[in-house]
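The values are calculated or read from the model by the stated rules, or taken from the named source; none is laboratory data. A quick note: this is a predicted structure, and the numbers were derived from the prediction, not measured. Here Cβ is always computed from backbone atoms with ideal geometry, including for glycine, and neighbour counts include all displayed protein chains.
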Amino acid sequence: MSGMTPRMPPRRRSQLARALKDDGLDALLVSSIVHVTYLAGFTGSSALLLLMARGRSVLISDGRYEQQIAQECDDGLDVHIRPHDKTVQQAAAEVIGKAGVRTLGFESQHLTVADLEALSAALPGVAWAPQQGRVEALRMIKDAAEVEHIRVAIRAAERAYEMFRATLRPGDTELELADALEGYLRRAGARSAAFPPIVAVGERAALPHAQPGATAVAEAGWLLLDWGASAPWYKSDLTRVLRLPGDGRPRRVESKLEKLYTVVLTAQARAIAAVRPGVPAKKVDAAARSYLTAAGYGEQFSHGLGHGIGLQVHEGPAVRANSDDVLRAGMVFTIEPGVYLPGFGGVRIEDDVLVTPDGCEVLTRAAKDWPATELPG
Ligand code: ZN
Ligand code: ZN
């Protein structure tokens, strides 16, 4: 497992340290645990990182994690293990005080007001400077190790999907299928599902975030599946539509579904073709949205086109109409146009793409042409 943890945290820390220095900060108190993982390689669930603009940064954690830190973190970090009779805030205040920090950045989107009050009361000489999105901005551009981790998460999701297709029976309910898929994901090498899978049969697919329930596949004969793997820490996120073979569905339903599917697939292809460095993310959204609008489905495409994936299943960049993000090589995000028709159902097709220096690479490979939506009979 340790071979799969992020391997390049020292370079990420030095990049951030330079930026802190330029902004006149002595250090940044990193309190988002995802950011601690990103910058220190530590994957436990409780730690703070005092990232110094100059000198050695300090990971502050507790006795439960001493061994894990020794296995996961590089030698460039100092480690402060908090004694069991001290609070996290007391330990942090001690480390910050000892480091001689005078101007300290903190993650205002991740540090609670109560923690800030406790820390600033304990450190009256420190000026606290709220910071937003600093680590998020770094995380948007994936390094080679991260892209490899995402590829592993995609392959696990796709292997699980093959098992799902091979074992699905018409009598299976959404809940049974969602449950089975989580097992397939682990069998395929994932640590877990990246999020609770969405299995929505027929009409229920008109709800973009349907909760799996007691509906059996045979009740409509087709379903929407939205799933991903965490393998172990980086995520994948895909959506496919599947049909039972044969003529269970009325011809009218079958042809409406095929038409809808083809329109969404074409919208997705247009968006993928628009991806390259320098393009505003909202233009990629517009490439799909303008096509769906012209086809009469503008109102029924009720969400943004996509989102970044990485250590979290939703992160930057935002690929939607109101996004200010501009695409850069190394970004990885989903492209997932969808059309939702209450009373009929919904079609969404979701793939994961990497922005390359001259365009993009579609990282996901699960087949998605119309014949491929049919299950083996
Ligand atoms: Zn998804
Ligand atoms: Zn998604």
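For residues that are among the aliphatic types (A, V, I, L, M) and in a strand (DSSP E or B), scanning just region 69-95, find the one that is nearest to residue 39 (Cα to Cα). So, considering only residues that are among the aliphatic types (A, V, I, L, M) and in a strand (DSSP E or B), the one nearest to residue 39 (Cα to Cα) is 77.
Selection over region 300-330 of residues that are within 14 Å of ligand 2 (Cβ to nearest atom), among the hydrophobic types (A, V, I, L, M, F, W, C) and assigned to a strand (DSSP E or B) gives a count of 2. Taking the criterion of being in a strand (DSSP E or B), aromatic (Phe, Trp, Tyr), out of contact with any Cys (no Cβ under 9 Å at 6 or more places or on another chain) and surrounded by 15 or more Cβ atoms within 10 Å (Cβ to Cβ), would at least one residue in region 336-350 satisfy it? Within region 336-350, one or more residues are in a strand (DSSP E or B), aromatic (Phe, Trp, Tyr), out of contact with any Cys (no Cβ under 9 Å at 6 or more places or on another chain) and surrounded by 15 or more Cβ atoms within 10 Å (Cβ to Cβ).
Scan region 266-273 and tell me whether some residue there is more than 18 Å from the chain's Cα centre (by Cα) and over 30 Å from residue 203 (Cα atoms).
There is at least one residue in region 266-273 that is more than 18 Å from the chain's Cα centre (by Cα) and over 30 Å from residue 203 (Cα atoms).
For residue 145, the criteria (1) over 20 Å from residue 16 (Cβ atoms); (2) assigned to a helix (DSSP H, G or I); (3) modelled with pLDDT under 95 hold in every case but one, which is (1).
Each row is one residue, and each column tells you yes or no for (1) assigned to a helix (DSSP H, G or I); (2) of a type in the set (Phe, Trp, Tyr); (3) under 23 Å from residue 139 (Cβ atoms).
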residue: 49; (1), (2), (3): no, no, yes
residue: 59; (1), (2), (3): no, no, yes
residue: 65; (1), (2), (3): yes, yes, yes
residue: 97; (1), (2), (3): yes, no, no
residue: 106; (1), (2), (3): no, yes, yes
residue: 109; (1), (2), (3): no, no, yes
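All of 227, 233 fail the test of being more than 25 Å from residue 326 (Cβ to Cβ), more than 16 Å from ligand 2 (Cβ to nearest atom) and surrounded by 17 or more Cβ atoms within 10 Å (Cβ to Cβ), apart from 233. All conditions but one from (1) crowded, with 20+ Cβ neighbours inside 10 Å; (2) within 20 Å of residue 120 (Cα to Cα); (3) among the β-branched types (Val, Ile, Thr) apply to residue 87; the one that does not is (1).
Tell me, yes or no, whether region 65-76 has at least one residue that is hydroxyl-bearing (Ser, Thr, Tyr) and under 25 Å from residue 11 (Cβ atoms).
First, pick out the residues of region 65-76 that are hydroxyl-bearing (Ser, Thr, Tyr): 65.
From the residues that got through so far, the ones that are under 25 Å from residue 11 (Cβ atoms) too are 65.
Scanning region 65-76 turns up at least one residue that is hydroxyl-bearing (Ser, Thr, Tyr) and under 25 Å from residue 11 (Cβ atoms).
When you check residue 291 against the structure, is it within 19 Å of residue 206 (Cα to Cα), of a type outside the set (D, E, K, R) and in a helix (DSSP H, G or I), yes or no? No; evaluated as a whole, the condition is false for this residue. Against the list (1) within 16 Å of ligand 1 (Cβ to nearest atom); (2) among the hydrophobic types (A, V, I, L, M, F, W, C); (3) buried (at least 16 other Cβ atoms within 10 Å of the Cβ), the condition residue 275 fails is (1).
The set of residues from region 180-194 being crowded, with 16+ Cβ neighbours inside 10 Å and in contact (Cβ under 8 Å) with a residue 24 or more places away in the chain comprises 181, 184, 185, 188, 189, 190, 191, 193, 194.
Within region 331-358, being away from ligand 2 (no atom under 11 Å from the Cβ) and hydroxyl-bearing (Ser, Thr, Tyr) holds for 340, 356.
A search for C-beta distances below 8 Å between a residue of region 70-86 that is of a type in the set (D, E, K, R) and any residue that is in a loop (DSSP other than H, G, I, E, B), counting only pairs 6+ apart in sequence or on different chains, returns 72/5; 72/41; 72/42; 72/43; 74/41; 78/56. Tallying residues that are within 24 Å of residue 17 (Cβ to Cβ), out of contact with any strand residue (DSSP E or B) (no Cβ under 7 Å at 6 or more places or on another chain) and of a type in the set (D, E, K, R) within region 49-74 yields 3. Note on region 212-244: residues that are in a loop (DSSP other than H, G, I, E, B) and either among the small types (Gly, Ala, Ser) or without any contact (Cβ under 8 Å) to a residue 12 or more places away in the chain (or both) amount to 7.
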